[in-house]
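Written out below as structure tokens is the structure these notes cover.
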Amino acid sequence: MSLSVTLYRHRLTLLALFALGALFMLFTRTPTTAPSSFKAPKYDENDIRWIQNRQRYAPPAPKQPKQPKQPEQPKQPEQPRERNVPTQTLISSTRPVPTPDVVLPKKTDKPEPPKDNNVEQSDVEKKIRQLIKRNRVMVFSKTFCPYSRNTKQLLSQYRNDRGLEYEVLEADLEFDPIEVKEVLGKISGHFTFPNIFIDGQSIGGNDELRELHTSGELVALFGDKHLII
């Protein structure tokens, strides 16, 4: 054989061997998607059998306890429907209740004489009432009282100048002064001496008489009643 034929055969043989080696490498290599730097762990048969037994005999996961059911609340009975009944408006307890106005009696300078009840009158009271009724100007006095003395002096001027007529009762000379004072207070409401009556009405004592005289009302009063000239 020639040398060229021999070299050609050796070349074919090498190419065939190279092709067989490449095919062997291709079919024996395990495909993987892991990167070239990742190396999968190697397990032998004992490791695989231990993993399978652990998965088989592993205790079941604990079950969560069931929550107890809440007791059902009893249904409330239905309330009857309210009827449209007209109601009255009640006054609130915090609102002040109106009270009627209380009218107080007006104070007067002279107390009102008490009412004359149907009571049996004493002899002193009968005498005093007769004197008041009989004399248009009647003065009840006490001899030792300075106010009574001033009253009698003033009235005496009207008697001398204008012809005034009046009568004087000295309580301490004819009756018990205390009893006379009580009777006069019962009739007129004035309990002190002197006590002056004009046409059955008491005008008070010496102070009231002086005020009427100073203001000129006493002359007008006597003139209107035709007690002076």
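Quick notes
- Where helices (runs of 4 or more DSSP H) fall wholly inside region 119-190, the ranges with 1 or more residues that are in contact with a Pro (Cβ under 6 Å, 6 or more places away or on another chain) are 146-162, 171-174, 177-188.
- When the residues of region 122-167 are filtered to those that are crowded, with 18+ Cβ neighbours inside 10 Å and β-branched (V, I, T), the one that is nearest to I229 (Cα to Cα) is V137.
- Residue match in region 198-215 (condition: outside any loop (DSSP other than H, G, I, E, B), touching a residue at least 40 places away in the same chain (Cβ under 8 Å) and under 15 Å from L131 (Cβ atoms)): yes
- V183 farther than 12 Å from M138 by Cα and hydrophobic (A, V, I, L, M, F, W, C): yes
- Of residues in region 24-47 being assigned to a helix (DSSP H, G or I) and surrounded by 10 or more Cβ atoms within 10 Å (Cβ to Cβ), the one modelled with the lowest pLDDT: D47
The values are calculated or read from the model by the stated rules, or taken from the named source; none is laboratory data. Worth saying up front: this structure is predicted, and the values here are computed from it rather than measured. Cβ sites come from the backbone with ideal geometry, for glycine too, and all protein chains shown count toward neighbours.
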